[in-house]
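Let me begin by presenting the structure, written as structure tokens, before commenting on it.
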Amino acid sequence: MPKPFLSIEQLTQQFPDGNGGTMTVFENATFGIEKGEFVCILGHSGCGKSTIMNILAGLAEPTSGVVKMDGFEVSGPSLDRGVVFQNYSLLPWLSALKNVTFGIKARYPLNSKQEITDQALEYLAMVGLEGDVVHRKPSQLSGGMRQRVSIARAFANHPKLLLLDEPFGALDALTRGTIQDELLKIWGQTEQTVFMITHDIDEAILLADRILLMTNGPLARVAESVEITIPRPRNRTEIVDHPNYYPIRNHLVQFLGHRSKELAGQPSNGEMQHPETVRIDKIKTDEAGGETPPLRSVGG
Amino acid sequence: MLDNLSQNQRAAILSVVLLLVGLLIWEASIPAQKAVGELTEYERLTGGGVPKAGVPPPSQVLVKAWEQLSNPFYDAGPNDKGIGIQIGYSIYRVLTGYILAALVAVPLGFLIGMSPVAHKALNPFIQVLRPISPLAWMPLALFIIQDSEASAIFVIFICSIWPMLINTAFGVSGVRQDWVNVARTHELSPLKTAITVILPAAAPTIVTGMRISIGIAWLVIVAAEMLVGGTGIGYYVWNEWNNLDLTSVIFSILMIGIVGMLLDAAFGALQRAVAFAE
């Protein structure tokens with residue numbers, strides 16, 4: 001079996017538990033992400049989602065295990081892995097535009113000022129920020145606008161892997177919807193590989209090609225990989241009518257409600273813990289000769 | 001009528017009223033000297049006719065101020081220089097000592113702020129040296145440096161270093177981890193991180209320290225110049241006291257206040273320039 005683009009191999013994270021012992025957050029977690037895939041990870045608080053994210057970003061070191069991207073082991077932060085943090089992490093003394101050029105300058109230090117500014121404006125426009133707004137400081141922007149700037153900064157850098165850590169967690173439901181659409185749009189235009197943490201089941205179904213489900217911690221594991229068998233381009237108002245929507249949603253709800261607890265706390269005994277692939281497809285595929293609808297359709 | 005005025009206008013009117021009332025009380029409370037002809041024989045015998053040194057009224061101070069400020073840069077020998085020259089000497093000493101202090105305090109503060117080991121190692125020294133009155137260094141400085149001018153500058157250096165050092169260290173260590181993570185995920189070098197992320201993030205705290213320092217330096221220069229003598233506004237005050245010219249003493253006290261206010265205002269402007277809202 002060929003190695004996936006991003007391969008997480010036997011990742012284990014332990015922390016001191018405060019009583020001289022160790023607390024294992026997750027053990028031997030093993031999974032992969034293909035190039036161009038949009039993968040969401042769902043799980044309860046404390047299962048180690050953010051820890052996995054930080055390890056992928058290179059901001060934290062795992063206790064053991066490796067992360068390989070494009071066949072090379074990942075160590076330390078890198079411009080190849082862009083991060084969008086939950087709290088936006090914009091530099092408050094810079095305008096929206098300067099926050100984006102800050103990233104591009106780091107990525108393409110040899111580009112001219114004009115090129116850098118043009119690129120920043122282009123990506124800000126992709127997330128709906130145009131005109132005078134781009135010259136405002138983050139404190140003068142709403143939460144939604146700040147997260148748009150943060151997303152623009154990440155995409156403008158063309159990272160090989162984009163990590164989104166609950167990017168919409170702090171936003172109200174309406175803003176969240178708009179920015180999800182913008183995220184889908186910009187993702188469709190750039191063919192980024194995206195790994196995203198979320199708490200929101202509907203958001204995950206709308207955005208992801210595949211959802212990884214984590215059991216509760218400690219000793220959490222990535223138990224299932226659920227394929228989202230709803231063709232793209234997706235639209236929040238239309239996908240609910242797709243025959244696969246509610247079966248998938250129910251499966252996820254059941255997992256988070258019951259099975260995440262039942263499956264929790266099982267030591268791995270040193271074995272790799274691959275997630276089990278789950279495919280729910282209610283559409284009769286007979287007429288298409290067993291061919292599944294394409295998971296990704298670019299454009300639109 | 002006052003209702004139509006803005007808060008600032010009302011405050012300005014009140015300030016002027018308070019000033020005028022204060023000056024009037026001051027003027028009125030100074031007993032007038034009797035002319036020689038009005039004195040009793042006893043008063044004349046006890047020396048009552050000799051002009052008494054007293055606190056001058058504000059009108060005299062104003063006349064003095066006009067006289068001095070209309071020709072601030074005259075130089076008529078070592079003991080008679082214009083107020084502009086004296087203040088110029090003081091500002092020169094303050095800025096020299098202060099800039100030297102900043103050159104040491106800001107980089108050292110960065111080091112202490114970024115390295116917990118450096119912080120723990122240097123903290124005991126800072127805590128012992130900081131509370132020492134800057135003038136206590138003066139004898140040692142005079143002995144070692146053997147130059148009164150340089151000693152005064154050293155005293156300014158030593159008194160202005162601590163607020164800058166402590167505030168820089170505090171500001172740098174308090175930079176939000178998120179912003180440092182932004183620098184890390186953008187693969188910035190440590191130097192670039194320090195300049196483009198940590199410095200602007202810590203700048204408001206650093207400039208607050210600089211503002212406190214310049215205030216202290218201006219307080220200390222007056223006392224230092226009274227000790228080392230020769231030139232400067234502090235020397236001028238003491239010299240006029242020796243001349244028993246209280247009008248000049250009061251005038252120079254006012255000038256010390258005004259220059260101090262201007263220095264503080266300059267750093268206040270700098271503070272606003274580097275401030276950011278989160």
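Skipping prolines and chain starts, which residues have an amide H placed within reach, meaning under 5 Å, of the one on A:M23, given they are 5 or more residues away or on another chain?
For A:M23, the qualifying residues are A:F15, A:D17.
Using Cβ contacts closer than 10 Å as the measure, can you line up A:T237, A:T22 from fewest to most?
With the sparsest Cβ surroundings first, the list reads A:T237, A:T22.
Averaging sequence separations of C-alpha pairs under 8 Å and six or more residues apart, then dividing by the length of region A:2-126, give the relative contact order as a whole percent.
Details: 146 pairs, mean separation 28.3, N = 125.
Relative CO of region A:2-126 lands at 23 percent.
What pairs from A:K49/A:K185; A:K98/B:K192; A:K49/A:K282; B:K120/B:K192; A:K49/A:K113 go past 27 Å between their alpha carbons?
Check vs 27 Å cut-off fails for A:K49/A:K282; A:K49/A:K113.
Round to the nearest 10 and give me the degree value, 0 to 90, for the angle of helix B:7-29's Cα axis relative to the longest principal axis of chain B.
The two axes meet at around 40 degrees.
May I ask you to sort A:K98, A:K113, A:K49, A:K261 by Cβ crowding, counting other Cβ atoms within 10 Å and putting the fewest first?
Listed from fewest to most nearby Cβ atoms, that is A:K113, A:K261, A:K98, A:K49.
How many Å³ per residue does the convex hull of the Cα positions in the protein assembly as shown occupy?
Working: hull volume 156.5 nm³, N = 578.
Taking the convex hull of the Cα positions in the protein assembly as shown, it is 271 Å³ per residue.
Calculate for chain A the 222 nm mean residue ellipticity that helices alone would give, adding -39,500 (n - 2.57) per DSSP H run of length 4 or more and normalising by residue count, nearest 500 deg cm²/dmol.
-9000 deg cm²/dmol
Roughly what angle does helix B:83-114 make with the longest principal axis of chain B, taking Cα atoms, 0 to 90 degrees, to the nearest 10?
Once rounded, the angle reads 20 degrees.
Calculate one ³J(HN,Hα) per residue across region B:149-163 by plugging θ = phi - 60° into the Karplus curve 6.51 cos²θ - 1.76 cosθ + 1.60, and present them in order as whole Hz with x for glycine and proline.
Going residue by residue, I get 4, 5, 5, 4, 5, 4, 4, 5, 4, 6, 7, 8, 6, 5, x Hz, with x marking Gly and Pro.
Could you give each residue of region B:229-246 its phi-based ³J(HN,Hα) in whole Hz, using Karplus coefficients 6.51, -1.76, 1.60 with θ = phi - 60°, and x for Gly or Pro?
x, x, 9, x, 5, x, 5, 4, 4, 5, 5, 5, 5, 5, 7, 6, 9, 5
Using amide H atoms built 1.01 Å from N in the peptide plane, name the residues 5+ places from A:F38, or on other chains, whose amide H lies under 5 Å from its own.
Sorted by chain and number, the residues that satisfy this are A:V194, A:D209, A:R210.
Based on Cβ point charges of +1 for Lys and Arg and -1 for Asp and Glu, what charge dipole magnitude is obtained for chain A about its Cα centre, in debye rounded to the nearest 20?
It works out to roughly 680 debye.
Where a number appears in this text, it was derived from the coordinates with a stated rule and is not lab data. For clarity, every value in this text was computed on a predicted model and none was experimentally measured. For neighbour counting, all protein chains shown are included, and Cβ atoms are generated from backbone atoms with ideal geometry for every residue, glycine included.
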